[in-house]
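Below: the structure, in structure tokens.
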Amino acid sequence: MTYCVALKLSQGLVLASDTRTNAGVDHIATFCKMAVFEQPGVLLVLMSAGNLATTQSVISLLRQNQTRDDGSSLLTQTSMYDAAVLVGATLRNVIDRDAHNGQQAAGVDFGSSFLLAGQISGEPPRLFHIYPQGNFIEATDDTPYFQIGESKYGKPILDRVIQYNTPLCEASKCVLISFDSTIRSNLSVGMPIDYMLYRTDSFSAQERQRISEDDPYYQMIRQSWSQGLRDTFAAIENPPWAQE
């Protein structure tokens, strides 16, 4: 399983993905699920969840076609919408190709989904959720974030805190709390976390880092959030019908 989250806010983007993959308890590995495509005036980030072979094939094909001038290059698209169309078409092609190689009868699930975020010069940052069927939806001011993978444990804090005008620093803190809640409740999501903060019109992936288990700030987040929840719980009055 996987957990990826992307926020499109007034100041830019906050993106994060875990790195754990597993095919049973004996096959746990670490893979980066955040791919960056950039050139002057273009910054695109793809985060993936689902069948690892499918997602790696999609990203490999998109990288392989970067220098082509036949419209199949992700970096030559004139809008984020066109880039989402290309990712969706590539995903469909990969699934169709592998499914027709006889593996579908063996019960292999090729399903994968992507979060595409970034900015192309001439338009603001945009965020898309691309489904296994290749179709997609776009984040809006009213719905400024998307999740893929094991989303249910980290969703409550995002729903309570994140709004379109949330500052990037607060959003980053909220995203890490969301990850801590997910990792605590689901062993299939694990450290390290690939994290990226993108400021509007910067066209740069410089604010990208890998957050490890022993990162001092992450440890502070984990301890403070746990203690804060316990303190808040203790301060809430017990229900009157359950008094001792």
Quiz item: Can you give the percent of C-alpha pairs in region 34-135 whose distance is more than 15 Å?
Solution: 59 percent
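Going by average Cβ neighbours within 10 Å, how do the peptides 191-201, 233-243 rank, with the highest at the top? Show your work: numbers first, answer last.
On the way: 191-201: 19.5, 233-243: 6.7.
Final packing ranking: 191-201, 233-243.
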Exercise. Please give the helix 80-98 orientation as an angle from the longest Cα principal axis of the chain, in degrees from 0 to 90, rounded to the nearest 10.
Key: 80 degrees
Exercise. Quickly work out the Ser121-to-Ser202 label distance, labels modelled 7 Å from Cα along the C-beta direction, and quote it in nm with one decimal.
Key: 1.9 nm
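Helix-only mean residue ellipticity at 222 nm, the chain, DSSP H runs n ≥ 4 weighted -39,500 (n - 2.57), per residue, nearest 500. What is it? Don't jump to the answer; show the numbers that get you there.
Details: 5 runs with 77 residues, N = 244.
Computed mean residue ellipticity for the chain: -10500 deg cm²/dmol.
Just how many % of Cα pairs in region 138-224 lie over 15 Å apart, if you round to the nearest whole percent?
Details: 2365 of 3741 pairs.
It works out to 63 percent of all Cα pairs.
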Quiz prompt | Arg210 paired with Glu170, simple spin-label distance in nm, labels 7 Å along Cα-to-beta-carbon | solution = 3.2 nm
Quiz item: Any idea what % of Cα-Cα pairs in the chain are farther than 22 Å?
Solution: 55 percent
Exercise. With unit charges on the beta carbon (Lys/Arg positive, Asp/Glu negative), name the residue among Val108, Thr78, Val14 whose Cα is farthest towards the positive pole of the charge dipole of the chain.
Key: Val108
Exercise. Please sort 157-165, 121-129 by packing, taking for each peptide the average over its residues of neighbouring beta carbons within 10 angstrom, highest first.
Key: 121-129, 157-165
Self-check item: Cα centroid separation - region 212-244 against region 1-75, whole Å
Solution: 34 Å
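Sorted from fewest to most neighbouring beta carbons within 10 Å, what does the list Met47, Met1 look like?
On the way: Met47 28, Met1 16.
Taking fewest neighbouring Cβ atoms as first place, the list is Met1, Met47.
Relative contact order for the chain using alpha-carbon pairs under 8 Å, separation at least 6, rounded to a whole percent?
Values: 449 pairs, mean separation 65.2, N = 244.
Averaging sequence separation for qualifying contacts and normalising by length gives 27 percent for the chain.
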Quiz item: Roughly what angle does helix 52-64 make with the longest principal axis of the chain, taking Cα atoms, 0 to 90 degrees, to the nearest 10?
Solution: 50 degrees
Quiz prompt | Peptide ranges 166-172, 112-118 listed from the most packed, as the mean C-beta count within 10 angstrom indicates | solution = 112-118, 166-172
Quiz item: About its Cα centre, how strong a charge dipole does region 130-244 have in debye, to the nearest 20, once Lys and Arg get +1 and Asp and Glu get -1 at the Cβ?
Solution: 180 debye
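Just so you know, all these numbers are worked out from the coordinates, no wet-lab data involved. Predicted model only: the values in this text are computed from it and were never measured. Positions of Cβ are generated from backbone atoms using ideal geometry, with glycine treated the same way; all protein chains shown enter the neighbour counts.
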